[in-house]
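Working notes for the structure below.
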Amino acid sequence: MTEFCMVYVPVPDEETGVAIAKAAVAERWAACANLYAAGISVYEWEGKVCVESERVLLLKTANENFSKLAARIKELHPYSVPAILRLPISDANAEYLDWMRKVLNP
């Protein structure tokens with residue numbers, strides 16, 4: 001397994017995404033976060049097909065932080081079942097990875 005990962009989290013709006021991102025970075029569960037412009041999600045929920053506007057939040061962190069980060073996201077996320085997906089970072093430039101190590105382990 002690689003040392004670092006990205007965590008993919010759809011959120012309902014900018015306010016929620018920024019709140020989760022700020023908490024994750026301030027508490028050092030993530031080195032940084034990116035919140036992307038609104039898009040459309042199509043999914044089934046309780047027997048109905050839903051079409052909703054969502055934003056995508058990507059958080060970059062160490063694999064060892066994933067469980068604690070996921071727990072913190074669940075505390076702050078308004079969905080009863082948020083998607084919190086770990087995506088491995090198989091390669092990246094060394095300077096960026098060094099920066100992540102410094103931020104996550106001051």
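For the chain, state what percent of all Cα-Cα pairs lands in each successive 5 Å bin, counting from 0 Å until the bin that includes the largest distance.
Once binned at 5 Å, the Cα pair distances of the chain give 2, 13, 23, 23, 17, 12, 7, 3, 1, 0.
Between segment 73-87 and segment 11-54, how many Å separate their Cα centres?
After rounding, the separation between the Cα centres reads 8 Å.
Among all lysine pairs in segment 4-104 that are eight or more places apart or on different chains, how many have alpha carbons less than 28 angstrom apart?
For segment 4-104, the number of qualifying lysine pairs is 10.
Between ARG101 and TYR8, what is the spin-label point distance in nm, taking each point 7 Å from the Cα along the Cα→C-beta axis?
Rounded to a tenth, the inter-label distance reads 2.8 nm.
Can you give me the distance in nm between label points at VAL49 and TYR36, each placed 7 Å from the Cα along the Cα-to-Cβ direction?
With each label placed 7 Å out from Cα toward Cβ, I get 2.3 nm.
Let me have the relative contact order for the chain, percent, based on Cα pairs under 8 Å that are six or more residues apart.
That works out to 41 percent.
On a 0 to 90 degree scale, rounded to 10, what angle separates helix 94-104 from the longest Cα axis of the chain?
With rounding to tens, the tilt is 80 degrees.
What ranking of GLU15, GLU3 emerges when the number of other C-beta atoms within 10 Å of each C-beta is taken as an exposure proxy, fewest first?
Ranked by crowding around the Cβ, least crowded first: GLU15, GLU3.
Since every read-out is calculated from the coordinates, none of them should be taken as a lab result. These numbers come from a predicted model, not from an experiment. FYI the Cβ positions are ideal-geometry reconstructions off the backbone, even for glycines, and counts take in every protein chain you see.
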